[in-house]
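The values are calculated or read from the model by the stated rules, or taken from the named source; none is laboratory data. This is a predicted model, so every value here is computed, not measured. No Cβ is skipped: glycine too gets one built from the backbone with ideal geometry, and neighbour counts run over all protein chains shown. In case anyone asks, the SASA skips ligands and DNA or RNA and just uses the protein heavy atoms, side chains included. Shrake-Rupley method; radii C 1.70, N 1.55, O 1.52, S 1.80 Å.
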Amino acid sequence: MPSVRPQYAHRILIEHQIHHAMSKGGIEPLSPPERKKNEGNKEPIRVGILGAGIAGLYAALLIDYLGSESGIVYDILEANPDRIGGRLYTHRFSDSPNDYFDAGAMRYPKIPWMKTTFELFKYLELDRPETLIPYHLNDPLGNNFQHFNNISKSSSQLQTANAQGDFDPFRTKVVGLTDSVDDLLGKKLDPFKRMLAEDFQMGWEDLMSADQLSMRDWLAIGIETKPYSEQLINYLETVAGSTGLFNCALSEAIMDAMDFDYQPAPDWFTIQGGGDVVSNSIIQRLTQPIRQDCRVIAITPVLDPKTSKPTSLKVATISKAGSTVESEYAHVISTMPFGCLSMVDTSALEFSWDLQTAIRTLHYDSAIKVAIKFKQRWWEKLTRPQIGGSSTTDRPLRTVVYPSYGIGSEDATMIVSYTWAQDARRMGSYATGHDSASEQLLIERIKFDLADMHDIDDMSILDHVDHKIVDWYKDEYASGAFALLAPGQFSSIYREVTQPVMGMFHFAGEATSVHHAWVVGSLNSAYRAVLEILIHEGNLAMIDKLTCPESPFQQPDEINSMLTIVQVALGQSHRLSKPVDPSHRHWLQQGY
Ligand SMILES: Cc1cc2nc3c(=O)[nH]c(=O)nc-3n(C[C@H](O)[C@H](O)[C@H](O)COP(=O)(O)OP(=O)(O)OC[C@H]3O[C@@H](n4cnc5c(N)ncnc54)[C@H](O)[C@@H]3O)c2cc1C
């Protein structure tokens, strides 16, 4: 079954646009920018790209592709003085080729909706076999295992147990384990999945009637199947996910399940050398430098003195040292994660209440990766060697990810714990600084659990050199790991963030795409933002250049040009109710 997210997104926008068309005043037609009404104005169109994560970098790459005929020039303003790439973050313990781990994005399945990502790899010439290498989702030997209730079972042992009708391999005595975990979840989700795949319209209506429900709610309800008990739901959540993850929207869980429903199972890939090879490769191609240490703190409209209509946007930034700079742009593309955006003063733009609510409430999940640089690649030397893939447990570390790169090499760095949701928040409370007592304790606890899980008696095998913890909620440049929607959020938020305010303030970044939490979502959103700019500017030639069949950047499936045009028209109709009062920016002009 293919991903239904694009259809889902189109459906939300159609309903939103019909609602506007039927309301008093209807939808105003697209109008050219105020600036352009002044014939003969040949000033370049200045675009401020806020954030140099993959969405910001890709937007710049697209603008560069359009070339000077587009009349567009850009600045990239990045808050982080030390690093570019945002949540594409590779930590290297040394210069040795495999002595690294990806703290953010690390794997890419080759499935149709990942098209934009793989096209980008091709454009950047990263699709060579020595760079785009296989990522083992499961280890090819079947030795990856699950360790719950102090019992370890390898994937092959679990398969055998299930085939023999033993559905409680971890001896939990949970009532209702009448099937495998996948089948128990499938029984509840499959009716929706089938309906959406066979008749999207009917499936959509069913799904929307349950849009306010969480996955946990749905499992506890007895429509078509018996309600699952709290005990059974907790078991399923523990084995299949992370603690608290079933509080996410049911619609999200269903679409997630459909996203990966491919037969045969797709191949997964990773970038040899780390995910930031992608961002660095874009940076090398950009025509404009990136302005680092420029944290955006306020965005205000600039009004035409004669008509009092907004003509551009002023972006104020501050450096770590406290110096402020203001820059003026015809458009801004904000790729800042919403936690960061909400710290920016946008009050003078008078965002609608619904948009403000979207920015404030969108649920970002927690995620932490803990990596240890060991003295030896011990996991590949066990009686049951672990060659890539991952093992899971109910111990605090939850998931161990064995590297798919550097197999058999001397470099011995591994992600010893990858947690989400409440598991990550708890882990994060111990991550109090590299040399702090609590962090040392955490590392020792993880090593103890690793030894237990892998049946290691001699702890010296796990001697280590260093460790690194990346907690995405504690990262001031991310304020969360990725969007994971709470019940009801998708339909109410997507329509707001795909509607550029005044046709000038464009939202991009993973959270503003149907494929949130993936690099492809960031890329698709950046593509939409650039398309919105071209639509607002009425630049048909450049729209054609970007979207024509010969373009190396094909229009992503979630973007429908007609719907985007109407979203831009709706965005243009945003009116400011009061004149901009420059004194509201007074606090930042004081510096620190
Ligand atoms: C733990 C984890 C695992 C993941 N795994 C995968 C995976 O395996 N595969 C996959 O495809 N995707 C994965 N993702 C998702 C992927 O990493 C993200 O979707 C993507 O990198 C986000 O890019 P972005 O440009 O949208 O946002 P970001 O990368 O967050 O970029 C936003 C930029 O804005 C900057 N910024 C913030 N505030 C300001 C400000 N005030 N002024 C100026 N700049 C500012 C930030 O410093 C940052 O550089 C993962 C993410 C995480 C966290």
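Structure data summary
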{"read-out": "Qualifying residues in the range 1-30 (those that are at pLDDT 85 or above and of a type in the set (S, T, N, Q)) - the one nearest to T512 (Cα to Cα)", "value": "Q7"}
{"read-out": "Single residue of the range 210-242 satisfying the filter (at pLDDT below 95 and in contact with a Gly (Cβ under 7 Å, 6 or more places away or on another chain)) that is nearest to A257 (Cα to Cα)", "value": "D211"}
{"read-out": "Residue within the range 250-258 that is more than 30 Å from T413 (Cβ to Cβ), open to solvent by less than 40 Å² (accessible area, probe 1.4 Å) and among the acidic types (D, E) present", "value": "yes"}
{"read-out": "Selection from the range 232-246 of residues that are assigned to a helix (DSSP H, G or I) and either of a type in the set (A, V, I, L, M, F, W, C) or more than 16 Å from N149 (Cα to Cα) (or both)", "value": "L232, I233, L236, V239, A240, L245, F246"}
{"read-out": "Tally of residues being in a loop (DSSP other than H, G, I, E, B), open to solvent by less than 50 Å² (accessible area, probe 1.4 Å) and polar (S, T, N, Q) across the range 555-568", "value": "1"}
{"read-out": "Those residues of the range 2-21 which are among the hydrophobic types (A, V, I, L, M, F, W, C) and open to solvent by 80 Å² or more (accessible area, probe 1.4 Å), in sequence order", "value": "I18"}
{"read-out": "Residue satisfying condition, being within 30 Å of T178 (Cβ to Cβ) and at pLDDT 95 or above, within set D75, D166, D82", "value": "D166"}
{"read-out": "All positions within the range 449-475 that are loosely packed, with under 14 Cβ neighbours inside 10 Å and out of contact with any strand residue (DSSP E or B) (no Cβ under 8 Å at 6 or more places or on another chain)", "value": "D457, D458, M459, S460"}
{"read-out": "Conditions (1) within 15 Å of the ligand (Cβ to nearest atom); (2) farther than 29 Å from L62 by Cα: number failed by Q263", "value": "(1)"}
{"read-out": "Residue check, S390 at positive phi, within 24 Å of the chain's Cα centre (by Cα) and in contact (Cβ under 8 Å) with a residue 12 or more places away in the chain", "value": "no"}
{"read-out": "2 or more residues open to solvent by less than 20 Å² (accessible area, probe 1.4 Å) and β-branched (V, I, T): qualifying strands (runs of 3 or more DSSP E) within the range 290-381", "value": "295-303, 310-318, 331-334, 367-374"}
{"read-out": "Criterion violated by L313 - all others in (1) within 12 Å of the ligand (Cβ to nearest atom); (2) closer than 21 Å to Q499 by Cβ satisfied", "value": "(1)"}
{"read-out": "Tally, over the range 419-446, of residues that are in a loop (DSSP other than H, G, I, E, B) and open to solvent by 20 Å² or more (accessible area, probe 1.4 Å)", "value": "5"}
{"read-out": "Residue match in the range 136-152 (condition: β-branched (V, I, T) and not assigned by TED's automatic domain parsing to the domain that holds S180)", "value": "no"}
{"read-out": "Any hit, the range 197-220, residues being of a type outside the set (V, I, T), closer than 22 Å to D423 by Cβ and part of a loop (DSSP other than H, G, I, E, B)", "value": "no"}
{"read-out": "Helices (runs of 4 or more DSSP H) contained entirely in the range 477-550, each with at least 2 residues that are over 19 Å from L355 (Cα atoms) and within 16 Å of the ligand (Cβ to nearest atom)", "value": "519-537"}
{"read-out": "Hits in the range 323-334 - residues which are closer than 20 Å to E532 by Cα and touching a Leu at 6+ places or on another chain (Cβ under 6 Å)", "value": "Y329, V332, S334"}
{"read-out": "Any hit, the range 277-287, residues being under 23 Å from T399 (Cβ atoms) and within 15 Å of the ligand (Cβ to nearest atom)", "value": "no"}
